[in-house]
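Throughout, read-outs are computed from the coordinates displayed, never taken from laboratory work. Note that the coordinates shown come from a computational prediction; the quantities given were computed from them, not determined experimentally. Methodologically, a virtual Cβ is constructed for each residue, glycine included, from the backbone with ideal geometry; neighbour enumeration extends over all protein chains shown.
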């Protein structure tokens, strides 16, 4: 992936991306602590609530403005799917199925890293993408160097199979290829429109029956 620091000229742009990648664990009254990026994705899923909070509204606008300035890149990347979500793969990710992820998603070009993140009994997705954003220059963690934009669409091109990463590491593997549907008026990766309200609404808009339940993995 290309170095792109020169494309972000404003300190606010760089700050917005760096903050998203920070491993700032936010504790809740009950349940485990969640990373800041997890909360951002929850805000994207529920943009109506984000609209009611001026600070969230401002941050999301700043973050997506910065990400859109980065050049979309063609790449083969991997996403980890832990064993708890493998049943979703078997049920919904059948060959030729169309998949849409409504939130930001960290991916990696390191196959082994993805397999290790998936853990025992997990699987990895090999994604042939045309709109990956390299944020390596702005990441707090070297593990979070590539991001996919919300509402990125993929089509499953293979059946789920088992592969050996090496003599000690085995996992499931499924391949998907990015595509743009004919009725996508403003897919992620395209230049943003002049209508800020329409732009904001697209942050959290799930794409009808094509949205799925797989959460972003910390890889």
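Quick notes
- Shape class of segment 116-178 from the Cα gyration tensor (axes a ≥ b ≥ c, square roots of the eigenvalues): oblate, since a/c reaches 1.5 or more and a/b does not exceed b/c.
- Simple spin-label estimate for residue 74 and residue 12 in nanometres, 7 Å along Cα-Cβ: 3.5 nm
- Global form of segment 85-144, assessed from the alpha-carbon gyration tensor, a/c cut-off 1.5: oblate
- If the segment from residue 136 to residue 84 were pulled out straight at 0.36 nm per residue, it would be longer than the present Cα-Cα gap by 15.8 nm.
- Three-way shape label, segment 54-125, alpha-carbon gyration tensor, a/c 1.5: prolate
- Fewest-first ranking of 19, 107, using other Cβ atoms within 10 Å as the exposure measure: 19, 107
- The distance between label points at residue 42 and residue 166 comes to 3.7 nm (points 7 Å beyond Cα on the Cα→Cβ vector).
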